[in-house]
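Asker: Below you'll find the structure I mean.
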Amino acid sequence: MSKNNNLVELLKNASFLRWLKKEDGVEESAHWNKWQQEHPENAQFVEDAKMMELGIPFKKQSINQAKTKANWDKLGTKLQNATSTTEPSIPLHKLQSTRRNWLKIAATIAVVAFSFLGISTYLNKVERIQYQTGYAENQTIQLSDGTQIILAANSTLAYNDNFVELDNRKVQLSGEAYFKVAAQPTGKQFIVELKDLAVTVIGTEFNVNSHRENSIISLVEGKVTLNKEGVAEQPLLAGQTASFNTQTAVFDLVNNQTDYWADWRYQKWSFGEGTPMKEVIQRIEETFGLTVELENTTILEKQASGSIEIDNQKVLFESLSYLLNIDFSINGSQLFISQKVENEE
């Protein structure tokens, strides 16, 4: 993230501002003092923050065109009166000098006014913040409202840096992520926008997988509402998993699948009592970017059960090979799965 984005995030942090103004408590002061000591590069952020928060009060300035014209007209009248036959005449070179001085002053005022407008525009500019992960890579993101997001492999999260100021605090997700949304103030809503629907929450924990044709939302804790254009809102309760069925035009709801959909954040897959091999293959492709080829379709009849670690690709395939009695062979981005050959004695 750019320095400007980091600075904006700091200025939205109430604890940081209290420390900056020396209004913080003992614990907060210790936290931010340690933060500055351990990261000397943050000293410049502190100085910039002091300039912006405690220094010049950058506020929007507007140029009143009517008032400006009236002032110019008034100046013109004075100059005209100065050359009137009823007043002592002013030498031409002095009149020209006077006009030049007034023009210089006016030009300086205009430059200052437009400079303030430029600074104000810069400070109020809405910037787009985006995070992106590669295959087999996760990233934890902390938003300024206290929400924590764990972005899964091959996924993108984006939002405007001023989202916390809005009533509808929107983020856009492509791929998969686990959300731990902070409790929102009265009148505020946190919305996750997907390619096919939106998830509206007040404060809760849930997983979203939008890799599939129809996004899958699995609610671990709390309550959310699923919104799809042209379809009635679908409330989702803790322990439920939902996806929109395009054939029936309703949401399909199932129970007891949250561990499977959300446990990847602990670097493991929880298959429960039986997960179809087709689903296991899809998870492999989404997470590691491998294209799977099967020796024969009978492999799809297998089911995985229990749980398995996924932080090490080699260990993962060795474990799956043992659990499912199959062999894995990787060649570049290709994964070949075959029936395990039994050793003959």
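Asker: Hey, Ala232 hits all of (1) under 20 Å from Leu151 (Cα atoms); (2) out of contact with any helix residue (DSSP H, G or I) (no Cβ under 6 Å at 6 or more places or on another chain); (3) of a type outside the set (S, T, N, Q); (4) assigned to a loop (DSSP other than H, G, I, E, B) but one; which does it fall short on?
Answerer: Failed condition: (1).
Asker: Do we find that Ser305 is exposed (fewer than 15 other Cβ atoms within 10 Å of the Cβ), over 14 Å from Ile284 (Cα atoms) and in the same structural domain as Gly289 (by TED's automatic domain parsing) in this structure?
Answerer: yes
Asker: Can you find even one residue in the range 173-180 that is in a loop (DSSP other than H, G, I, E, B) and at pLDDT below 95?
Answerer: no
Asker: Would you mind finding the one in Leu316, Leu300 that is over 32 Å from the mean Cα position of the chain (by Cα), among the aliphatic types (A, V, I, L, M) and not in a loop (DSSP other than H, G, I, E, B)?
Answerer: Result: Leu300 is the single residue among Leu316, Leu300 that is over 32 Å from the mean Cα position of the chain (by Cα), among the aliphatic types (A, V, I, L, M) and not in a loop (DSSP other than H, G, I, E, B).
Asker: Scan the range 296-309 and report the pairs whose first residue is in contact (Cβ under 8 Å) with a residue 40 or more places away in the chain and whose second residue is surrounded by 14 or more Cβ atoms within 10 Å (Cβ to Cβ) and part of a helix (DSSP H, G or I), with Cβ atoms within less than 8 Å and a gap of 6+ or a chain change.
Answerer: Pairs that qualify, where the first residue is in contact (Cβ under 8 Å) with a residue 40 or more places away in the chain and the partner is surrounded by 14 or more Cβ atoms within 10 Å (Cβ to Cβ) and part of a helix (DSSP H, G or I), are Ile299/Met277; Ser307/Asp263; Ile308/Leu316; Ile308/Ser319; Ile308/Leu320; Ile308/Leu323; Glu309/Leu316; Glu309/Ser319.
Asker: Among the residues in the range 298-309, are any within 18 Å of Ser218 (Cβ to Cβ) and either acidic (Asp, Glu) or touching a Lys or Arg at 6+ places or on another chain (Cβ under 8 Å) (or both)?
Answerer: Among the residues of the range 298-309, at least one is within 18 Å of Ser218 (Cβ to Cβ) and either acidic (Asp, Glu) or touching a Lys or Arg at 6+ places or on another chain (Cβ under 8 Å) (or both), which makes the answer yes.
Asker: Name the single residue that is nearest to Ile337 (Cα to Cα) among those in the range 283-295 being touching a residue at least 40 places away in the same chain (Cβ under 8 Å) and surrounded by 15 or more Cβ atoms within 10 Å (Cβ to Cβ).
Answerer: That would be Leu294.
Asker: Ok, one more. Quick check on this structure: which one of Ser333, Ser305, Ser329 is touching a Gly at 6+ places or on another chain (Cβ under 6 Å) and either polar (S, T, N, Q) or more than 27 Å from Tyr266 (Cβ to Cβ) (or both)?
Answerer: Ser305
Asker: I've got another one for you. Please work out if Lys188 is at pLDDT 95 or above, touching an Asp or Glu at 6+ places or on another chain (Cβ under 9 Å) and surrounded by 14 or more Cβ atoms within 10 Å (Cβ to Cβ).
Answerer: So Lys188 fails the test.
Asker: Collect the residues in the range 181-206 that are part of a strand (DSSP E or B) and either of a type in the set (Ser, Thr, Tyr) or within 17 Å of Pro235 (Cβ to Cβ) (or both), keeping them in residue-number order.
Answerer: If the condition is that a residue be part of a strand (DSSP E or B) and either of a type in the set (Ser, Thr, Tyr) or within 17 Å of Pro235 (Cβ to Cβ) (or both), then Gln189, Phe190, Ile191, Val192, Ala198, Val199, Thr200, Val201, Glu205, Phe206 are the ones that fit.
Asker: Sticking with this structure for a sec: Which condition number does Val224 fail, the rest of (1) in a loop (DSSP other than H, G, I, E, B); (2) touching a Pro at 6+ places or on another chain (Cβ under 8 Å) being met?
Answerer: (1)
Asker: Return yes when Ile129 is at pLDDT 90 or above and closer than 30 Å to Gln313 by Cα and no when it is not.
Answerer: So Ile129 does not fit the description; no.
Asker: Also, I was wondering about something else. So, of the residues in the range 247-297 that are over 28 Å from the mean Cα position of the chain (by Cα), of a type outside the set (Val, Ile, Thr) and in a helix (DSSP H, G or I), which turns out to be nearest to Asn207 (Cα to Cα)?
Answerer: Result: Glu279.
Asker: Sticking with this one: Condition check: assigned by TED's automatic domain parsing to the domain that holds Glu137 and without any contact (Cβ under 8 Å) to a residue 40 or more places away in the chain. Does Asn214 satisfy that?
Answerer: So Asn214 fits the description; yes.
The values are calculated or read from the model by the stated rules, or taken from the named source; none is laboratory data. Values in this document were obtained by computation on a predicted structure and should not be read as measured data. In this analysis, Cβ positions are derived from the backbone assuming ideal geometry, glycine residues included, and neighbour counts consider all displayed protein chains.
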